[in-house]
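Chemist: Structure provided below as C-alpha cells; questions to follow.
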Amino acid sequence: MTVRASDVEIIGTAKIGRFPSKLRVLVEPGGVGNGGSLIVEAERLTVKDAADITAGTYGMGYAGDIRIIAKQLDLLNDGLISGETFSEGTGGNISIQVGQLIARNGGQISAGSGRQNQAGNFGKGGNLTVTASDLIEVDGVGRRNRSGFFTETSSPSRAGDLTINAKQLIVRNGVGISSGASGSGSLGGDGGNLNINVSESVELIGRSRRYLSGLITEANGRGNAGDLTIQTKQLIIRDRAIVSTQTFGMGNAGSIFVRDNNRIELNRGYIFSQIREGAVGNAGDINVLALPLRR
C-alpha cells in the first residue's frame, strides 16, 4: 500500500471508541504469505485522536514494513504507528524519515513481539528507526498511551533494535524511549539495543504522575536487556529524568555508553544501571566519555 499526497490526516475513532481510523496491512491467522509494505509520502502527516498506522501478522508470513517519508510528522492524542507480530511470523521494520517529528499526549511509535501474559512461539520483533533532519520532540501522556518510541518482546524471540537519528531530541513529562524484554509474559527473549545519535543536543526533562522521562533498556524474565548508546554534543538530564538499564529478572541489564560529548548536565537527573528487587541478573557497565560534567 502506498499513499502519496501533500497532506495526509488520519483522525479519530467511532463514537464507541473501538474502531479507530487507520491505514493497515495484515497477515490474518493461518496466512503463510508475507504482508505488503505500507508507505506514506507526504509534506505533512498527522495521526491523532487514537487513529493508527499498523502492520501486523497473526500467521506464518512476515508482517509488512512501514515506511514514512514527510517533512512534518505529528502524532497527537494517542495517535499510533505500530508493527507487531502475534505469531511465528517476523514483525516488520518501521522506518521514519522526516524533517521534524512531534509526538504529544500519547503519540507513540512501537514495534513488538507477542503479548504480555500469553505464551507462544512468536517471531522476532521488527527494528524501529526514526530519522529527523531537525527536531524530535516527545511530550506527555495521553488517555490511552504514554508518548514515546518502543521496541519490546513478550515472547521467546528478540525485540528489534531502536535507533534515533536527529539534530535535536527533547523528551519530557513522563515520556519514554525504550527497548526491552518486558512484562510477566516474557519467556526469555532479549531486548533490543537503543542507539541515540543526535548531532546537537539531547534533553531529558521531568516526569508525569506515573512515569519518569527517560532513555531505557530493561529485562524482565530470562532475557537480557540491550545496550544503550548516546552520541551527542550536549546531554542534559533534569527534574528526575533518567538514562538507565535495568533487570527485573534472571537476565542481565545492558551497558550504557555516552560518547562524543562536550557537555553533560545532571540537574536532579540520573544515569544508572540497576538490579531491581528480586532480580538475579547482573547490572551493566557505565562508560562516559565527556568533559566537563555538571551536577
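The values are calculated or read from the model by the stated rules, or taken from the named source; none is laboratory data. Computed from a predicted structure; not experimentally measured. Every residue, glycine as well, gets a Cβ built from its backbone with ideal geometry; the counts of neighbours run over all protein chains shown.
Chemist: Residues to consider are I237, I170; find the one that is surrounded by fewer than 24 Cβ atoms within 10 Å (Cβ to Cβ), at pLDDT 95 or above, under 21 Å from I264 (Cβ atoms) and not charged (D, E, K, R). Walk me through it before giving the result.
Modeler: Working: I237 fails: surrounded by fewer than 24 Cβ atoms within 10 Å (Cβ to Cβ).
Of I237, I170, the one residue that is surrounded by fewer than 24 Cβ atoms within 10 Å (Cβ to Cβ), at pLDDT 95 or above, under 21 Å from I264 (Cβ atoms) and not charged (D, E, K, R) is I170.
Chemist: Still on this model: Does region 258-267 contain at least one residue that is within 20 Å of the chain's Cα centre (by Cα) and either without any contact (Cβ under 8 Å) to a residue 12 or more places away in the chain or closer than 20 Å to N165 by Cα (or both)? Don't jump to the end; show me each part of the working.
Modeler: Here is the first cut: in region 258-267, the residues within 20 Å of the chain's Cα centre (by Cα) are 258.
Next, from what is left, pick out any that are either without any contact (Cβ under 8 Å) to a residue 12 or more places away in the chain or closer than 20 Å to N165 by Cα (or both): 258.
Yes: one or more hits.
Chemist: Also: Looking for whichever is modelled with pLDDT of 80 or more, of a type in the set (A, V, I, L, M), surrounded by fewer than 22 Cβ atoms within 10 Å (Cβ to Cβ) and within 19 Å of the chain's Cα centre (by Cα) here; the options are L80, L76, L23. Which one fits? Outline the logic, then answer.
Modeler: On the way: L80 fails: surrounded by fewer than 22 Cβ atoms within 10 Å (Cβ to Cβ); L23 fails: within 19 Å of the chain's Cα centre (by Cα).
The conditions single out L76.
Chemist: May I pose another question? Please tell me if G278 is over 17 Å from S157 (Cα atoms), without any contact (Cβ under 8 Å) to a residue 40 or more places away in the chain, part of a loop (DSSP other than H, G, I, E, B) and under 17 Å from the mean Cα position of the chain (by Cα). Give the derivation first.
Modeler: Numbers: over 17 Å from S157 (Cα atoms): yes; without any contact (Cβ under 8 Å) to a residue 40 or more places away in the chain: yes; part of a loop (DSSP other than H, G, I, E, B): yes; under 17 Å from the mean Cα position of the chain (by Cα): no.
Criteria not met by G278.
Chemist: For residues that are in a loop (DSSP other than H, G, I, E, B), of a type outside the set (S, T, Y) and surrounded by 21 or more Cβ atoms within 10 Å (Cβ to Cβ), tally how many sit in region 84-104.
Modeler: Let us first name the residues in region 84-104 that are in a loop (DSSP other than H, G, I, E, B), namely 86-93.
Cutting the leftovers down to of a type outside the set (S, T, Y) gives us 86, 88-89, 91-93.
The next check asks that each one be surrounded by 21 or more Cβ atoms within 10 Å (Cβ to Cβ); those that pass are 86, 89, 91-93.
Of the residues in that region, 5 qualify.
Chemist: Checking the structure you have, find out if any residue of region 234-254 is charged (D, E, K, R) and out of contact with any Lys or Arg (no Cβ under 7 Å at 6 or more places or on another chain). Full working, then the answer.
Modeler: So the first thing to find is which residues in region 234-254 are charged (D, E, K, R), and the list is 238-240.
Checking which are out of contact with any Lys or Arg (no Cβ under 7 Å at 6 or more places or on another chain) leaves us with none.
Scanning region 234-254 turns up no residue that is charged (D, E, K, R) and out of contact with any Lys or Arg (no Cβ under 7 Å at 6 or more places or on another chain).
Chemist: Give region 64-88 a look and list any residue that's closer than 20 Å to S37 by Cα and polar (S, T, N, Q), or say none.
Modeler: Within region 64-88, S82, T85, S87 qualify.
Chemist: Would you confirm whether any residue within region 214-223 is of a type in the set (S, T, Y) and closer than 25 Å to S154 by Cα?
Modeler: Within region 214-223 (the criterion being of a type in the set (S, T, Y) and closer than 25 Å to S154 by Cα), the answer is yes, since at least one residue qualifies.
Chemist: I've got another one for you. Is it the case, given these coordinates, that T46 is under 15 Å from the mean Cα position of the chain (by Cα), surrounded by fewer than 22 Cβ atoms within 10 Å (Cβ to Cβ), hydroxyl-bearing (S, T, Y) and closer than 25 Å to G140 by Cβ?
Modeler: Working: under 15 Å from the mean Cα position of the chain (by Cα): no; surrounded by fewer than 22 Cβ atoms within 10 Å (Cβ to Cβ): yes; hydroxyl-bearing (S, T, Y): yes; closer than 25 Å to G140 by Cβ: yes.
Spelling it out, it is not the case that T46 is under 15 Å from the mean Cα position of the chain (by Cα), surrounded by fewer than 22 Cβ atoms within 10 Å (Cβ to Cβ), hydroxyl-bearing (S, T, Y) and closer than 25 Å to G140 by Cβ.
Chemist: Strands (runs of 3 or more DSSP E) wholly in region 1-51 with at least 1 residues that are in contact with a strand residue (DSSP E or B) (Cβ under 8 Å, 6 or more places away or on another chain) and hydroxyl-bearing (S, T, Y) - which ones?
Modeler: Working: elements: 2-11, 22-27, 38-48.
Once the strands (runs of 3 or more DSSP E) in region 1-51 are filtered for at least 1 residues that are in contact with a strand residue (DSSP E or B) (Cβ under 8 Å, 6 or more places away or on another chain) and hydroxyl-bearing (S, T, Y), what remains is 2-11, 38-48.
Chemist: Condition check: surrounded by 22 or more Cβ atoms within 10 Å (Cβ to Cβ), in contact (Cβ under 8 Å) with a residue 40 or more places away in the chain and on the phi < 0 side of the Ramachandran plot. Does L228 satisfy that? Give the derivation first.
Modeler: Values: surrounded by 22 or more Cβ atoms within 10 Å (Cβ to Cβ): yes; in contact (Cβ under 8 Å) with a residue 40 or more places away in the chain: no; on the phi < 0 side of the Ramachandran plot: yes.
For L228, the condition - surrounded by 22 or more Cβ atoms within 10 Å (Cβ to Cβ), in contact (Cβ under 8 Å) with a residue 40 or more places away in the chain and on the phi < 0 side of the Ramachandran plot - is not met.
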